[in-house]
1. Within segment 153-190, which residues are without any contact (Cβ under 8 Å) to a residue 40 or more places away in the chain, of a type in the set (Gly, Ala, Ser) and in a helix (DSSP H, G or I)?
2. From the list 312, 328, exactly one residue is assigned to a loop (DSSP other than H, G, I, E, B), touching a strand residue (DSSP E or B) at 6+ places or on another chain (Cβ under 9 Å) and buried (at least 17 other Cβ atoms within 10 Å of the Cβ). Which is it?
3. If a residue has to be small (Gly, Ala, Ser) and crowded, with 19+ Cβ neighbours inside 10 Å to count, how many in segment 400-414 make the cut?
4. Quick one: what pairs do we get from segment 221-232, first residue closer than 22 Å to residue 111 by Cβ, second surrounded by fewer than 13 Cβ atoms within 10 Å (Cβ to Cβ) and polar (S, T, N, Q), C-beta under 8 Å, 6+ apart or different chains?
5. Here are 282, 202, 277, 269: which of them is on the phi > 0 side of the Ramachandran plot, surrounded by 18 or more Cβ atoms within 10 Å (Cβ to Cβ) and small (Gly, Ala, Ser)?
6. Filter segment 108-138 down to residues that are of a type in the set (Asp, Glu) and surrounded by fewer than 19 Cβ atoms within 10 Å (Cβ to Cβ) and give me whichever is modelled with the highest pLDDT.
7. Scan segment 34-88 residue by residue and report those that are of a type in the set (Asp, Glu), assigned to a helix (DSSP H, G or I), crowded, with 20+ Cβ neighbours inside 10 Å and at pLDDT below 65.
8. In segment 334-380, how many are of a type in the set (Val, Ile, Thr), crowded, with 18+ Cβ neighbours inside 10 Å and part of a strand (DSSP E or B)?
Amino acid sequence: MAALAKLNSATAAAGVPHPANDEGHDREGGARALLRFITCGSVDDGKSTLIGRILYEAGAVLDDQLTTLDSDSRKFGTQGAAPDFALLVDGLSAEREQGITIDVAYRYFSTEQRGFIVADTPGHEQYTRNMATGASTADLAVILIDARKGLLPQTRRHSFIVSLVGVRHVVVAVNKMDLVGYDEAVFARIERDYRQAVAGLGFASIDFVPVSARDGENVTSPSRLMPWYRGPALLPLLESVEILSETQAEAGFALPVQWVNRPDLDFRGFSGTLAHGRVRVGDAVVALPSGRRSSIARILAPSGDVSQAGAGQALTVTLADEIDVSRGDVLTGMVDPPPVRQELRARLLWTGEAPLQAGREVIVKLATATANAEIIALHHSVDIESYAEAPAEHLGMNGIGLATLRLDRALVVLDYRRSRELGGFILVDRMSNQTVAFGFIETAIQEAPGTRPNGKARAAGRLARIFGWGHGQDRQAWQEATSWRLASGSLVFGALALATGRWEIAAVLAIADGVLRTLLRSVHARFWAKRHAAALSDGAGI
């Protein structure tokens, strides 16, 4: 504990530290503005160390955690005798053994000015899906850059992903300034390079802060070692940033129904989280996609009956009329209701190991709705170095591109820039049940002529799925499946030839056996995929 005691005496945290279980209320008893942010960037840029240092200096680490940190630093640490603050958030044994972040770690802390929920996300390309998951709920991204290395491919990829998921505020923390002698020229060069690289990503604000997360320089208070930097330290900057929400100011409202609440014969309510806008008792309402109309009779929040509710609130509403509404439907206002579509044009972040190809069939999960879908066209992919768009026939793991999907039923959707809840979705593989893509609807984009695949391409995709090479993990897996079919077909042919003495009959029956088995396999998969989607859509899993 000696090293920690020394650090504690020298620490000057921003504002007044609060214990880890602080509820985040200001002096007048009102709710403090909560900021959700992530740390991201390339491998070994110091993301976990930075968060651990902030938690420590903000007083969000309890005494028993400090004792554990002291012993863990001697066992797993990479800082010699000094405490390794990355261990405060890297909790998995694999993370500690390898010194990397694998899963997303969420931590809550607060200062006198505001409360924070921070997500520490991995930097390895292999775990990009985890990074995207953490970014999907963030208001701001802290992108770390190693001062020695400058911009790396993962820096560019993570910047594109945070812009893709709707994060419009970025703080670039140029870390490890101690390893470049706190050189102002290095900081200025990285700032210039980054601004040029992300000029077209549409960020509303980009701030740059030079830090040394290991030594705590410019993390919670200004550093005397960087007198050339005139801006605020990192934590005071996060305390002061303003995030404007547009969801509550929108006309109308949208409530995706998660659960039909029917505790007895006298009550039937519809529960969910309000996606955008404000709903009031007496508002006219239409249930989509059916189009049936009614009005709001009651609004029930966790505290009881209320007269109105805003975006982000969990609530239950009752209607003045008995209309058919089930899980996956959306209750929306009469003013500017969202469209109902059966064909979606969306940007995809592909996370599946097998490449995406036109013709693949998947399950779409959007808000509370589930549907079967076919990827009917892949329009282009994005070069992660230049962000340029190029025509593509497939999309590899962690690739980003634009695609068109056709659903087996109409869903209520919005452009992702307008609503994360009704504009974002995931794609699930029908056979393995693994998430293979994150999707972001771009309804404003008009389909260019000639982008829809022709009949031959569609037929080739369907044959690929039937005969097994479309869903294989790689070429070797397809070769194994093909060799097994040939071997089993040869065995059937030999057995029939010996039994009948007619090789031509044996050949016909062997070929028929191979074709019928593959077709029956496809029909069987379709049947169970539909049963699976139906079970999810009727609320059976609640």
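The values are calculated or read from the model by the stated rules, or taken from the named source; none is laboratory data. Just so we're clear, the structure is a prediction, and the values are computed from it rather than from any experiment. Cβ coordinates were reconstructed from backbone atoms using ideal geometry, including for glycine residues, and neighbour counts include every protein chain displayed.
1. 185, 188
2. 328
3. Matching residues across segment 400-414 total 2.
4. Taking only residues 6 or more apart or on different chains, the pairs are 232/240.
5. 277
6. 112
7. Of everything in segment 34-88, nothing turns out to be of a type in the set (Asp, Glu), assigned to a helix (DSSP H, G or I), crowded, with 20+ Cβ neighbours inside 10 Å and at pLDDT below 65.
8. Residues flagged as of a type in the set (Val, Ile, Thr), crowded, with 18+ Cβ neighbours inside 10 Å and part of a strand (DSSP E or B) within segment 334-380 amount to 6.
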